Amino acid sequence: MSSSLKKAAGSAPRLFERYVPVDHTRVSFDAGFWKSWSDTARDVTIPTQHMRLDEEGFLEVLDFDKPAGPLARPIQPSGLSMQHFFDSDFGKWIEAASYTLKNNPNPDVEAKIDAIVEKLENGQMADGYLNSWFIRREPEKRWTNLRDLHEMYSMGHLLEGAIAYYQATGKRRFLDVMIRAIDHIIDTFGTEPGKLRGYDAHEEIELALVKLYRVTGDPRHLKLATYFVDERGRMPSYFDEEARRRGEDPADYVYKTYAYSQAHVPVREQTQVVGHAVRAMYLFSAMADLAYENDDPALKSACDQLFDNLTGRQLYVTGGLGPSASNEGFTREFDLPNETAYAETCAAVALGFWSHRMAQIDLDGKFTDALETVLFNGALSGISRDGEHYFYENVLESHGQNRRWKWHYCPCCPTNIARFITSLGQYFYSVKDGEVAVHLYGANTAELDVDDIFLRLQQDTAYPWDGDVRLALGLSAPASLTFRLHIPGWCKKARILVNGQEIDFAASMEKGYAAITRDWKDGDEIRLSFDMPVERVYAHPAVGEDANRVAFKRGPVVYCVEQADIGTEPQRLRIIRDAALKPRFDADLLGGAVVLEGDALEADAGDWSGTLYRTTRPSLKPKAFRAIPYHLWANRDEGAMQVWLTEE
């Protein structure tokens with residue numbers, strides 16, 4: 001059904017158009033960088049995550065016909081248990097698993113999903129309410145603490161899982177369960193008399209509702225998403241009123257400010273990214289969707305200001321975000337500590353969601369650059385090369401204390417990175433009115449429908465290890481099309497050839513995309529060549545932790561130095577200013593990767609004789625070193641790691 005609100009006859013034209021992303025199932029990774037990651041996610045990550053859900057006592061919470069068992073996650077001093085939102089992990093796992101099913105049917109995975117769906121359906125209350133914690137343990141307390149207990153957050157993830165499963169298999173059972181749950185929410189919340197004028201403090205359901213609207217075309221689903229976004233930050237705060245009804249003093253709120261939930265002022269008035277990082281990214285993703293669906297320039301303007309604030313003042317070089325563990329989010333601008341970086345995997349994944357949505361309504365390379373950065377660095381670092389160990393926090397410096405785990409006390413990140421990788425194809429291409437936007441590069445084959453033309457696009461490349469890309473066109477009929485090709489922001493020099501003839505694309509460049517319009521025929525090809533030198537990156541002077549330090553980047557990949565490669569802690573290295581670094585493909589490194597090799601200096605501790613301080617500087621001795629892609633760290637021997645290295 002229609003994915004937009006139709007304008008009445010004679011009304012003003014839309015302010016925003018939208019590129020429509022290709023269905024991820026129509027992009028196959030049969031070679032190159034993403035094949036191994038995609039195969040591992042399907043063959044290892046999905047089954048082992050279900051195994052962990054069972055081993056850790058998650059699946060037990062869905063046994064609605066049995067008395068509630070002991071808590072798998074005890075109540076914390078804050079009054080919250082991680083078990084309050086176990087349902088969200090089922091939703092994300094089903095979503096990730098569903099993304100693999102259409103092209104790779106798996107009866108065992110499908111049976112596991114159906115078993116969860118059956119339990120959810122059996123436990124759903126007659127009025128549609130669905131939350132395993134409250135139904136089994138505190139039914140009288142449902143909808144009494146939206147500030148802390150994540151009810152709609154969990155339902156939002158279940159809804160996204162239901163949509164993905166329906167689209168993969170055509171089975172409506174789970175989708176119908178969740179539509180009944182949404183009907184209940186529509187009956188309960190809103191501005192109409194008799195309804196609660198509340199919203200969930202942990203955003204997520206908003207973007208899920210837009211997805212649902214794009215499936216059903218039911219305007220009530222869009223209206224509810226719009227209400228939740230518009231109501232956020234309205235004063236007096238619903239959370240204060242709700243706390244008083246519970247007999248609590250709102251001043252006792254553990255985080256003290258509703259900026260933690262981006263509920264301190266209405267969303268259109270927010271100009272600085274604050275609070276919990278994942279919540280913020282989910283909210284901004286929904287705002288981008290609604291800016292398009294409702295043709296709302298104020299929402300788009302707010303998104304633009306918030307995006308520029310994040311990327312210009314609060315984003316790690318890896319694409320990680322949210323430096324603080326105390327609020328799982330933001331502190332102040334330019335506060336980017338390395339060893340204590342929180343930089344939650346979920347937050348990087350969600351930044352990918354937001355960036356991609358922004359690029360579809362405003363084809364600007366800055367959004368795609370952010371997507372590419374998190375994809376190759378701050379999100380991908382959240383999962384091990386073997387596909388079954390994870391990071392919650394993605395530090396940029398370690399003395400060996402950070403090791404990957406097979407599961408977490410709060411395991412939101414494993415299923416989030418899984419759904420990101422298993423749906424990866426949708427991020428590569430999108431289409432609109434005779435145009436094809438190519439956002440990302442990596443070997444794949446895609447099938448696109450552009451107006452009435454079928455286009456098979458084969459992308460051959462070793463990207464991100466090499467900057468040469470070949471796009472071979474297979475067309476059902478000759479067609480006049482515009483290709484908009486993303487020229488990454490890191491690229492200082494690029495070439496484009498069409499059928500072997502170089503073209504001058506400078507005049508057609510618009511906001512990071514080169515446009516090529518011509519009559520195309522079957523067998524045509526486009527070749528791109530991106531210069532990919534090793535670059536030294538320096539931080540803004542206000543980022544005090546990185547003063548006199550340098551980071552290395554080649555193409556979209558950020559590098560780090562691990563103790564496993566140099567035999568000593570990289571904190572002792574002194575990078576020689578302007579010394580050359582040589583890239584080399586190492587086929588034996590964790591499936592193959594380009595490493596950087598060069599000569600540096602090492603601070604010598606051999607002549608300190610137990611002295612902690614002295615009046616002369618350490619002596620320096622030559623030291624060869626190599627750097628590996630940041631996303632591959634902590635996959636080998638335990639040891640120290642550093643992204644920002646001292647420059648001598």
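Where a number appears in this text, it was derived from the coordinates with a stated rule and is not lab data. None of these values were measured; they are calculated from a predicted model. Note that we place each Cβ from the backbone using ideal geometry, even for glycine, and neighbour counts take in every protein chain shown.
Could you tell me the calculated FRET efficiency between Gln501 and Glu17, based on Cβ-Cβ distance and R0 = 30 angstrom, to the nearest 0.05?
It comes out at approximately 0.45.
Distance in nm between label sites at Asp522 and Ile75, each 7 Å beyond Cα in the beta-carbon direction?
Placing both labels 7 Å beyond Cα along the Cβ direction yields 6.9 nm.
Bin width 5 Å, alpha-carbon pairs only: give the P(r) of the stretch 87-224 as whole percents, running from 0 to the bin holding the largest distance.
Using 5 Å bins, I get a P(r) of 2, 11, 20, 24, 20, 13, 7, 3, 1, 0 for the stretch 87-224.
Among Tyr213, Thr517, Thr415, whose Cα lies farthest out toward the positive end of the dipole of the chain, if unit charges sit on the beta carbon of Lys, Arg (+1) and Asp, Glu (-1)?
Thr517
Roughly speaking, what % of Cα-Cα pairs in the stretch 375-434 are separated by over 20 Å, rounded to a whole number?
Result: 35 percent of Cα pairs exceed 20 Å.
Place a +1 charge on the Cβ of each Lys and Arg in the chain and a -1 charge on the Cβ of each Asp and Glu, then give the dipole magnitude about the Cα centre in debye, rounded to the nearest 20.
Dipole size: approximately 480 debye.
Kindly provide the Kirkwood hydrodynamic radius of the stretch 429-530 in Å, to one decimal, from all pairs of distinct alpha carbon atoms.
13.7
Of the listed peptides 250-256, 608-614, what is their order by residue-averaged count of other C-beta atoms within 10 Å, with the highest listed first?
Answer by packing, highest mean first, reads 250-256, 608-614.
Give me the one-decimal nm value for the distance between modelled label points at Phe64 and Glu333, 7 Å along each residue's Cα-to-Cβ direction.
Each label point is offset 7 Å from its Cα along the Cβ direction, giving 4.9 nm.
I want to check the label-to-label distance for Glu118 and Ala580. Put each point 7 Å from Cα in the C-beta direction and report it in nm to one decimal.
Result for the modelled spin labels: 6.6 nm.
Need one number for the stretch 55-164: average projected area of the convex hull over its C-alpha atoms, nm².
The orientation-averaged projected area of the Cα hull of the stretch 55-164 comes to 7.4 nm².
Using only the alpha-carbon atoms of the stretch 496-596 as identical scatterers, what base-10 log of I(q)/I(0) does the Debye formula give at q = 0.19, 0.22, 0.23, 0.24 Å⁻¹?
-1.06, -1.23, -1.29, -1.35
Using only alpha carbon pairs under 8 Å that are at least six residues apart, calculate the relative contact order of the stretch 157-284 and give it in whole percent.
Relative contact order of the stretch 157-284: 22 percent.
I want to make sure I understand the PRE zone here: with the label point 7 angstrom from the Cα of Glu55 toward its beta carbon, which residues in the stretch 20-39 have backbone N atoms less than 15 Å away?
In the stretch 20-39, the label zone of Glu55 (backbone N under 15 Å from the point 7 Å along Cα→Cβ) covers no residue.
Given a Förster distance of 51 Å, report the FRET efficiency between Asp386 and Glu192 from their Cβ-Cβ distance, rounded to the nearest 0.05.
So the FRET efficiency works out to roughly 0.45.
Which semi-axes, in whole Å and largest first, does the equivalent ellipsoid of the stretch 535-646 have when worked out from the alpha carbon gyration tensor as the square roots of 5 times its eigenvalues?
25, 17, 13
With 26 Å as the cut-off, how large is the P(r) tail for the stretch 245-376, expressed as percent of Cα-Cα pairs?
Value for the stretch 245-376 (Cα pairs over 26 Å): 21 percent.
So if we plug the beta-carbon distance of Asp183 and Ala251 into 1/(1 + (r/R0)^6) with R0 = 56 Å, what FRET efficiency do we get, rounded to 0.05?
Calculated value: 0.95.
Return a whole-number percent for the relative contact order of the stretch 535-646, with Cα pairs under 8 Å and 6 or more residues apart as the contact set.
It comes to 36 percent, rounded to a whole number.
Could you tell me which of the pairs Lys300/Lys492; Lys211/Lys406; Lys92/Lys119; Lys366/Lys432; Lys223/Lys366 are separated by over 23 angstrom between their Cα atoms in the structure shown?
Table pairs above 23 Å Cα-Cα are Lys300/Lys492; Lys211/Lys406; Lys223/Lys366.
State the dimensionless ratio Rg/Rh of the stretch 602-648 (Rg: radius of gyration of Cα atoms; Rh: Kirkwood radius).
Rg/Rh: 1.05.
When averaged across all projection directions, what area in nm² does the alpha-carbon convex hull of the stretch 498-548 cover?
Over every viewing direction, the Cα hull of the stretch 498-548 projects on average to 6.4 nm².
Could you quote the convex hull projected area for the stretch 577-624, Cα atoms only and averaged over all directions, in nm²?
5.3
Would you kindly state how much longer the chain becomes between Arg142 and Ala605 on full extension, computed as 0.36 nm times their sequence separation minus their alpha carbon distance, in nm to one decimal?
160.6 nm
Short version: ³J(HN,Hα) in whole Hz for each residue of the stretch 591-608, in order, from phi by Karplus 6.51 cos²θ - 1.76 cosθ + 1.60 (θ = phi - 60°), x for Gly and Pro, what are they?
Per-residue couplings from phi come out as x, x, 6, 7, 10, 10, 10, x, 10, 9, 10, 10, 5, 8, 9, x, 9, 8 Hz.
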